[in-house]
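In what follows, a structure is listed as structure tokens, so that the remarks can point back to it.
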Amino acid sequence: MSNQTLTSKPHYPILDGLRGVAALIVVVFHIFETHSTSHLDQIINHGYLAVDFFFLLSGFVIGYAYDDRWHKLTIGGFFKRRLERLQPMVIAGMVIGAICFYFSASAAFPNIHTVPVWQVVLTMLIGFTLIPVPVSWDIRGWQELHPLDGPGWSLFYEYIANILYALGIRKLPKPALAALVFVAGAALIHYAVTSKNGDVIGGWSLTGEQIRVGFTRMMYPFFAGLLLSRIAKPTHIKNAFLWCSVLLAICLFIPRIGGAEHLWMNGLYDSLTIIFIFPIIVYLGASGIVQGKTESKVCKFLGDISYPIYITHYPFIYIYTGWVSNHRGVGFAQALPYALLTFVTAVVVAYACLKLYDEPVRAWLKKKLQ
């Protein structure tokens, strides 16, 4: 049966809003990251954990949306629905990355001026597929899976998680899924507390170590979210969006723990936040009651722009990083107008992509695939 015969289930509006809150924090985190000298002195130090929050949210929503539909849904139909949802903005992110590529030429990216246009175009076309490029094909210098749009690495692992779910893990009974989640959680803790930097940062390069990080960061949160969708019985909680947003912001804004002397402490914080705090936030968000029309509109807006802003903002971060690197010693107070311009540009471009491109293209794809 075609995947288009399935009717859409109601969304969790507060979870949509929380995804948007996390996406906006990611943009601010990346802006501040440009001014840091190491992992130890970053502002919004744990903003990178938003990716792990996204994975957990995704697992929860996938389980909610599809677990009880496989009697009507084919594997091919499932993949069509996921491609329809995710792929248009992947393409947009790569196109924006290609357009912005030469504008980021700077001390931070000293070799950009030597990259021929054909190589940029080829990297963009490969990026459309989310097939990762090897380190030897890197055109920027950061050894990214997708040098034109760095956050594409997490979408690569998102697709892997979806494939694993569709091809077998969806069939696991709750005890077996719980066992998988337990093992994945143990692996997450082990990596976080023993990593050389004392955190879970990484996953964006095609090297053995970085592939391990990518799978470690994806496996626990995605399938813990799936398990949560099967066992949780949401209640009714007032002001859940406010309290969940505050709790999420605290988790992401909290300063580095342990310093250079006790790196394992920060790794333990990272892993325990992902394992315990994020599922609590998702459960509370799923249990929440939207308070009035204003909050409903805020959650819808944040949910709508969350994915577009995440997948399109980084080309502007490259440009900002280049500007900062060309102005050595510039303080954040001096850079603030450019930082604000970067943030506003990221939000405006994301919203424009949503309305002028993503929504029309997805509507067209839905009609064509029906």
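Some notes on this structure:
- Residues being over 16 Å from the mean Cα position of the chain (by Cα) and over 30 Å from I289 (Cβ atoms) - total across the range 211-268: 16
- Only one of S154, S104 that is of a type in the set (S, T, N, Q), buried (at least 21 other Cβ atoms within 10 Å of the Cβ) and within 20 Å of the chain's Cα centre (by Cα): S154
- Among the residues making up the range 250-282, those that are of a type in the set (F, W, Y) and surrounded by 22 or more Cβ atoms within 10 Å (Cβ to Cβ) are Y269, F278.
- The requirement of being under 27 Å from I317 (Cα atoms), more than 17 Å from the chain's Cα centre (by Cα) and surrounded by fewer than 19 Cβ atoms within 10 Å (Cβ to Cβ) is fulfilled nowhere in the range 161-179; no residue meets it.
- Against the criterion of being within 25 Å of Y320 (Cα to Cα) and of a type in the set (G, A, S), G20 qualifies.
- Looking only at residues of the range 71-104 that are touching a Cys at 6+ places or on another chain (Cβ under 9 Å) and of a type in the set (G, A, S), we find that the one that is nearest to A363 (Cα to Cα) is A92.
- The range 343-370 - residue that is over 19 Å from V95 (Cβ atoms) and in contact (Cβ under 8 Å) with a residue 60 or more places away in the chain and, of those, surrounded by the fewest Cβ atoms within 10 Å (Cβ to Cβ): Q370
- Some residue of the range 113-128 being outside any helix (DSSP H, G or I) and closer than 25 Å to D41 by Cβ: no
- Scanning the range 64-93 for residues that are touching a Ser or Thr at 6+ places or on another chain (Cβ under 8 Å) and within 26 Å of P147 (Cα to Cα) turns up M89, A92, G93.
- Number of positions in the range 1-43 that are under 26 Å from A224 (Cα atoms), of a type in the set (A, V, I, L, M) and at pLDDT below 95: 1
- Evaluation of V115 against (1) surrounded by fewer than 17 Cβ atoms within 10 Å (Cβ to Cβ); (2) over 30 Å from V361 (Cα atoms) (one fails), failing number: (1)
- Checking each residue in the range 299-342 for being under 26 Å from R85 (Cα atoms) and either free of Cβ contacts under 8 Å to residues at least 24 places away in the same chain or surrounded by fewer than 18 Cβ atoms within 10 Å (Cβ to Cβ) (or both) picks out K300, F301.
- Single match in L206, L247 (criterion: in a loop (DSSP other than H, G, I, E, B) and surrounded by fewer than 22 Cβ atoms within 10 Å (Cβ to Cβ)): L206
- Test result for W204, touching a helix residue (DSSP H, G or I) at 6+ places or on another chain (Cβ under 6 Å) and at pLDDT 95 or above: yes
- Selection from the range 188-201 of residues that are in contact with a helix residue (DSSP H, G or I) (Cβ under 8 Å, 6 or more places away or on another chain) and outside any loop (DSSP other than H, G, I, E, B): L188, I189, Y191, A192, V193, T194
The values are calculated or read from the model by the stated rules, or taken from the named source; none is laboratory data. The shown structure was predicted, so the numbers you read here are calculated from the model rather than taken from an experiment. Here Cβ is always computed from backbone atoms with ideal geometry, including for glycine, and neighbour counts include all displayed protein chains.
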